[in-house]
Amino acid sequence: MASEYDGIILGTGHNALVLQAYLCRCGLKVLSLDRAETFGGGLATVENPRQPGFWHNTHSFFHRALTAMPWYRDLQLEEQGAKYVEPELNVAMVLKDGRSLQWWTDFERTYESFCKFSRRDADALRRWRDEFRPILGGILIPEARSSPLPGELRQDLLSRSAPGRRLLEVAALSPLEFVEREFENDVVRAGLLFFNGLREVDLRQKGFGHSIPSLLASDHMAQMCVGGSKRLAEALVADIREHGGEVRTSAEPRAILVRGERVRGVELTTGERIETSGFVASGLNPQQTFLKLLDADVSGETLRKQASSFQYNLLAPLFALNLALKEPPKYAAAERDPELAKAFMVILGLEQFGQFGEIVAAHEAGKIPATVMWGACPTQFDSTQAPAGGHTAFMWEKLPYAVNGDAANWASLAQQHGEGMLKLWTEYAPNLAEAVIDSFVRTPLDTERSLPNMQFGDLLVGSFANGQVGENRPFAGAGRYRTPIDGLYLCGGSTHPGGNVTGLCGYNAARVVAADLNCPVWWNPPDAEQALRSLT
Ligand SMILES: Cc1cc2nc3c(=O)[nH]c(=O)nc-3n(C[C@H](O)[C@H](O)[C@H](O)COP(=O)(O)OP(=O)(O)OC[C@H]3O[C@@H](n4cnc5c(N)ncnc54)[C@H](O)[C@@H]3O)c2cc1C
């Protein structure tokens, strides 16, 4: 049978779609396949079946610095209807006594807010932000937007320049050590760790001390997609289709077909076989790709062992409470500071640094800790996500996947836990007592059920511990998007630079696949090695 496609991509998460869009613009005919009924994976916005017109972002919502991503510009996604807003009071951590620690898009306003807690810490914030701006722009951004460099070369290049050496020195710490060493105020420490740390990596993990200062140095903060996260997926798919690509949903792969030591196609669970003359790229996790979809004779013992050793984040799973409302949450603290009514991300329940130890210990024991939660009211910034006058809001909490030892326990715990979150939320925003029209919860088990690549509910699709970073993400030998199987590539969150909505896994994979297929690279990707060599 003649091969109809130059390439097939497994999954339609945003990384897969970014890869597909670049390759379609290279003139390749590429098909993507997803088991779900809708494309986009973590870019889901779903209509409330009981309350038509209320739309909920059941996976990702806060898209950090999305409009600064190179693919957003290269693919001209605004011409396909994508539009982002970045509210000015970007994050507010509201305390029980009504005070709040605030992050603004205008750094001077953030500085003022930190000064109310500690002038010394506000000065430290400014110092670290200034010091890390060239490190972020000159090293970390080019690195995130390129295939990872070999570890020894990276170390060597970094050690030749002052910013490189500084990065290595700070990175050697854990985020926890960084914050303990550099900041003194309990609220500031808790806020920095939560806002910048707990969401991304295990705070105790050495090698990540730079994560907090690099986030402080960023020009962009959390953004949201107008119309809901799904609008970004729709814009990507519109671009793909305009350039001849195909996106098929409700199509679950059963096997990756390999003949003569080269990938030849994909077989679906229906028995349908789809051939390719070029490549298969998997946006799924390593266990799905190498253990479930490849024949054991093809993958071999070493690869299977490496894939089965790939680990997931203990602290990543989220529990979500979603609300349909008559009016937005009105925080009592806004009586003292009216600006709070405009806050985008709101953090509740976090008062002091020591809570982190308790949260980590609870996760390790599979227990539910005292609630610390964060969320938003999307309709305050985008009225299209609810009927006229109505609002949606949500809160997320990090909770263990295997609660009380078994994820199945969520069936009996979820409803009650959601009620507890609403009770706590109402203490901060008393109008919620009367404003709720409808609510539903989503557990870490629901995350895994809807997106099985997020094993154990790990929304980052793989831990950053276990050495799973850079060229060793997901594991040595598959860390630059190529795999040991000829023609088989990886492009999802389990590759460098990792999970979250950055699209950079797909962006970096596009360059590798295009090079291997001798396609012209029509875009202008950065070169990490060159960037590091040019440091002085
Ligand atoms: C509750 C929640 C909140 C989040 N909030 C944020 C946030 O605010 N900001 C942020 O940046 N990130 C957030 N994330 C994380 C973010 O959604 C993910 O890291 C990101 O979506 C990963 O992208 P990806 O391209 O790897 O694939 P995914 O988005 O995970 O998509 C994978 C795709 O593969 C498909 N698939 C899975 N298994 C198969 C199979 N066997 N066969 C075929 N297809 C399959 C799925 O249906 C899906 O479409 C959140 C995640 C969750 C769950």
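The values are calculated or read from the model by the stated rules, or taken from the named source; none is laboratory data. This structure is a prediction, so every number in the text was calculated from the model and none was measured. Virtual Cβ from ideal backbone geometry, glycine too; neighbours counted across all protein chains shown. Heavy atoms of the whole protein, side chains included, go into the accessibility calculation; ligands, DNA and RNA do not. Shrake-Rupley method; radii C 1.70, N 1.55, O 1.52, S 1.80 Å.
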For this session: Please list, ordered by first then second residue, the pairs with beta carbon atoms under 8 Å, 6 or more apart or interchain, first in region 439-459 and more than 29 Å from K326 (Cα to Cα) and within 7 Å of the ligand (Cβ to nearest atom), second open to solvent by 40 Å² or more (accessible area, probe 1.4 Å) and among the basic types (K, R).
Result: P452/R35
Problem set entry | Unique match (being among the hydrophobic types (A, V, I, L, M, F, W, C) and either open to solvent by 60 Å² or more (accessible area, probe 1.4 Å) or under 18 Å from the mean Cα position of the chain (by Cα) (or both)) among L348, L318, L340, L323 | L318
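Rundown of residues vs (1) of a type outside the set (G, A, S); (2) crowded, with 24+ Cβ neighbours inside 10 Å, yes/no style:
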site: N15; (1), (2): yes, yes
site: Y22; (1), (2): yes, yes
site: A36; (1), (2): no, no
site: F39; (1), (2): yes, yes
site: T45; (1), (2): yes, yes
site: N48; (1), (2): yes, no
site: P70; (1), (2): yes, no
site: L77; (1), (2): yes, yes
site: F107; (1), (2): yes, no
Exercise. Among strands (runs of 3 or more DSSP E) lying entirely in region 183-296, which contain 2 or more residues that are more than 12 Å from the ligand (Cβ to nearest atom)?
Worked result: 253-259, 262-268, 273-282
Exercise. Are there any strands (runs of 3 or more DSSP E) wholly within region 377-491 with 3 or more residues that are at pLDDT 95 or above and over 19 Å from the mean Cα position of the chain (by Cα), and if so which?
Worked result: 391-398, 436-442
Exercise. Taking into account only those residues within region 9-30 that are within 11 Å of the ligand (Cβ to nearest atom) and among the hydrophobic types (A, V, I, L, M, F, W, C), which is nearest to M69 (Cα to Cα)?
Worked result: V18
For this session: List the number of the failed condition for D458; all other conditions in (1) more than 25 Å from Q51 (Cα to Cα); (2) open to solvent by 40 Å² or more (accessible area, probe 1.4 Å) hold.
Result: (2)
For this session: Please find, within region 374-410, the residue that is surrounded by the fewest Cβ atoms within 10 Å (Cβ to Cβ) out of those that are of a type in the set (A, V, I, L, M) and touching a helix residue (DSSP H, G or I) at 6+ places or on another chain (Cβ under 6 Å).
Result: A407
Seminar exercise, completed: Of the residues in region 31-45 that are touching a Ser or Thr at 6+ places or on another chain (Cβ under 7 Å) and not in a loop (DSSP other than H, G, I, E, B), the one that is nearest to the ligand (Cβ to nearest atom) is G40
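If you go through region 1-13 one residue at a time, how many are crowded, with 23+ Cβ neighbours inside 10 Å and of a type in the set (A, V, I, L, M, F, W, C)?
We begin by selecting, within region 1-13, every residue crowded, with 23+ Cβ neighbours inside 10 Å; these are 7-13.
If we keep only those that are of a type in the set (A, V, I, L, M, F, W, C) as well, we get 8-10.
The number of residues fulfilling the criteria is 3.
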Problem set entry | Residue identified as surrounded by 23 or more Cβ atoms within 10 Å (Cβ to Cβ), more than 28 Å from Q530 (Cα to Cα) and touching a helix residue (DSSP H, G or I) at 6+ places or on another chain (Cβ under 9 Å) among L216, L167, L192 | L192
For this session: May I ask you to list the residues in region 195-210 that are open to solvent by less than 20 Å² (accessible area, probe 1.4 Å) and within 16 Å of the chain's Cα centre (by Cα)?
Result: F195, N196, G197, L198, V201
